[in-house]
Amino acid sequence: MCGIAGLFLASPREPKGVKALVRRMNHSLIHRGPDAEGVWTNGKVAFGHQRLSILDLSDAGAQPMHSTCGRYVIAFNGEIYNHLQMRRDLENSGVAPSWRGHSDTETLLAGIAHWGLDEALNRSGGMFAFALWDKAEKRLSLARDRIGEKPLYWGWAGDALVFGSELKALRQHPECPAEICRAALAQYLTYAYVPAPWSIHPGIYKLEPGCILEIEGPLPSSPPSHPLRPEGRYESISIRRYWSLNEALETGHRSPLETEREALDALEGTISNAVGRQMISDVPLGAFLSGGIDSSLIVSLMQAQASLPVKTFTVGFEDSGFDEAPFAAAVAKHLGTDHTEIRVTEREAQEVIPRLPDLYDEPFGDSSQIPTHLVCGAAREHVTVALSGDAGDELFGGYNRYVLGPKNWRRLEKIPRPVRRGLGKIISSAPVSVWEWLGNQPKGTPAVRYPADKAEKIGRVLREVENIDDLYRSLISAWPGDVLTRGSPDPASTVLNDPLPDHLVEDPAAWMMAQDMRSYLPDDILCKVDRAAMGVSLETRVPFLDPAVIAMAARLPTAMKIREGQGKWALRQILYRKVPRKLLERPKTGFTIPIGEWLRDPLRSWAEELLSPEALAQDDLLDPAPIRAVWEDHLTGQRDWTHKLWIVLMFQAWRARWS
């Protein structure tokens, strides 16, 4: 795991100045790779690399790395877990070079030299983002892993194309744009993250997962008016997919696993093999353990393959309503892991907040970033690599929206559109006191917390939803476009607008999972974990995103993922073979902390400063009125607008730091 940076110049410059610039870009990423630094320049191209040594700790793993044949130079961030098999394939074909070490980067270079870039990536199972220079063809290639575990930004700074693992590296170039892109801001306010291919700055983009960007010929003098999408071209720059989620879903749909025993046995074997591949490391390795289904399954499969107790980590909080540590401890005891529980006070959690703009570089509104960073920091005191259970929800139906969304859509479809719209207006216009009265019914009646909030969402759904994709977006959306001062700009093209396989139209839950896989997972969940972990120089690995596991999940019918109103059915059945059901059965809570309560008391002055009318009106980007109304409503304690407020607060905190 490392940090990469570099640039492609329109015309050659004095080498000493170029090296100095790339070193500054490198140093901004030292948290991603504190063990070593490397810089390479060649006329118009320059690569920088900060190394976190995981495989092959010797100088043979140093980067930027040259291929044995001398044709290629690479700056690589990530891990290729099956690289030893790739080495054997090269050796069996009689084309392997005389190996200098045992790093996966050297393996990838040899594979590119023999198979070509696309085929080498199709053979590679892992997480990565890298820059490759082909000396023979004078071609720069940027590539990113299938789902987007590792980040890669690229874009214009003056007459140079700059790229790097984080925006802070690009900002080291004096001409990197600092303006705020209104289209990206509108997307952020809606989803709490900036979806690919946009970034918060105009002319700077995210390379989409599963894609290769190539530059052949003179660099364009300016960025395109809109982000370049896969299979698109802009003068000398092109982007293509080497892997497609749609194709993986369609292939799985054509070859379903039809019997439960066959499916569970095949799935367990596939996940176990992925875990085994990801346990390869030359440095101490452990795992996160929340006591939930996903992390417990990963840890159980790790422990079954380990010769010593696996080091596991969880974070516990003072507030018992948000504390999953006892559940994790019970699972750890059953599995026999070497378990560390980190107890965190409210003050320690709150002390993370001022560091968030530096960690995330662009606005990021998922408040679970705080506990994620805390558990990563604690784990780094003991290990350099940690496996996680991320992506289990998206692949195997774990979120409540996959259960409730289709159920509600079946009901909505039966109501004529005009009637739905009218009901929505009535519900939305009812005063808060009505919903508070309904929420305070006699003892014995099921309690509804913040009923007015639930009513607001129901009213919006009834007014706006016309199809399953509308319903999905309403469930994941926060602020409407009118919170911007001049209304929402033209709809931005993102991965969420791309077509999905036809067979998903008849399967609303699978539709939602696919949408999450291509946007929420890479741009929220994986981004959150990458920045939280790399901020403390910890490498995280995600076995559920092994290509074989993704392919196997695509073969599972939805009925083996969601059953009787509960998600992750298949994962649960496998885990019940290893951990008693009584240790696992509890409502899904997520990785949360009481941000909403903190905003009313210990964080109130901090929030009030950022949400003042003057601060909100800065640069004429946001309309203070609707935001202030939500803030004042939240302070009454009758409504919980934590999600909406945190999104704006993180934008305001980011703006104070970077713009």
> So residue 146 fits all but one of (1) over 22 Å from the mean Cα position of the chain (by Cα); (2) of a type outside the set (A, V, I, L, M); (3) within 23 Å of residue 65 (Cα to Cα); (4) open to solvent by 10 Å² or more (accessible area, probe 1.4 Å); what number is the exception?
Replying inline: (1)
> Looking only at the stretch 591-640, which residues are open to solvent by less than 30 Å² (accessible area, probe 1.4 Å) and under 30 Å from residue 288 (Cα atoms)?
Replying inline: 593, 594, 595, 596, 598, 599, 603
> Restricting the search to the stretch 215-237, which residues are in a strand (DSSP E or B) and open to solvent by 20 Å² or more (accessible area, probe 1.4 Å)?
Replying inline: 216, 233, 234
> Is it the case that residue 247 is of a type in the set (Asp, Glu), on the phi < 0 side of the Ramachandran plot, surrounded by fewer than 16 Cβ atoms within 10 Å (Cβ to Cβ) and within 24 Å of the chain's Cα centre (by Cα)?
Replying inline: yes
> How many residues, within the stretch 383-411, are buried (at least 17 other Cβ atoms within 10 Å of the Cβ) and more than 23 Å from residue 245 (Cβ to Cβ)?
Replying inline: 5
>> What are the pairs with Cβ atoms under 9 angstrom where one residue, in the stretch 65-90, is free of Cβ contacts under 8 Å to residues at least 24 places away in the same chain and the other, located anywhere, is of a type in the set (Gly, Ala, Ser)? Sequence gap at least six, or different chains.
In response: 85/125; 87/96; 87/110; 87/111; 88/96
> In the stretch 16-41, how many are over 27 Å from residue 126 (Cα atoms) and touching a helix residue (DSSP H, G or I) at 6+ places or on another chain (Cβ under 9 Å)?
Replying inline: 2
> Does the stretch 267-284 contain at least one residue that is within 30 Å of residue 140 (Cβ to Cβ), loosely packed, with under 15 Cβ neighbours inside 10 Å and at pLDDT 95 or above?
Replying inline: no
> Name the residues in the stretch 302-343 that are at pLDDT below 95 and among the aromatic types (Phe, Trp, Tyr), would you?
Replying inline: 317, 322, 327
>> Condition check: crowded, with 17+ Cβ neighbours inside 10 Å and modelled with pLDDT under 95. Does residue 51 satisfy that?
In response: yes
> Between a first residue in the stretch 499-514 that is farther than 10 Å from residue 253 by Cβ and a second residue that is of a type in the set (Val, Ile, Thr) and not in a helix (DSSP H, G or I), which pairs have beta carbons less than 8 Å apart while being 6 or more apart in sequence or on different chains?
Replying inline: 509/562
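The values are calculated or read from the model by the stated rules, or taken from the named source; none is laboratory data. Note that the structure is a prediction, hence the values are computed from the model and not measured. FYI the Cβ positions are ideal-geometry reconstructions off the backbone, even for glycines, and counts take in every protein chain you see. Remember, those area values only see protein heavy atoms, side chains included, never the ligands or the DNA or RNA. Shrake-Rupley method; radii C 1.70, N 1.55, O 1.52, S 1.80 Å.
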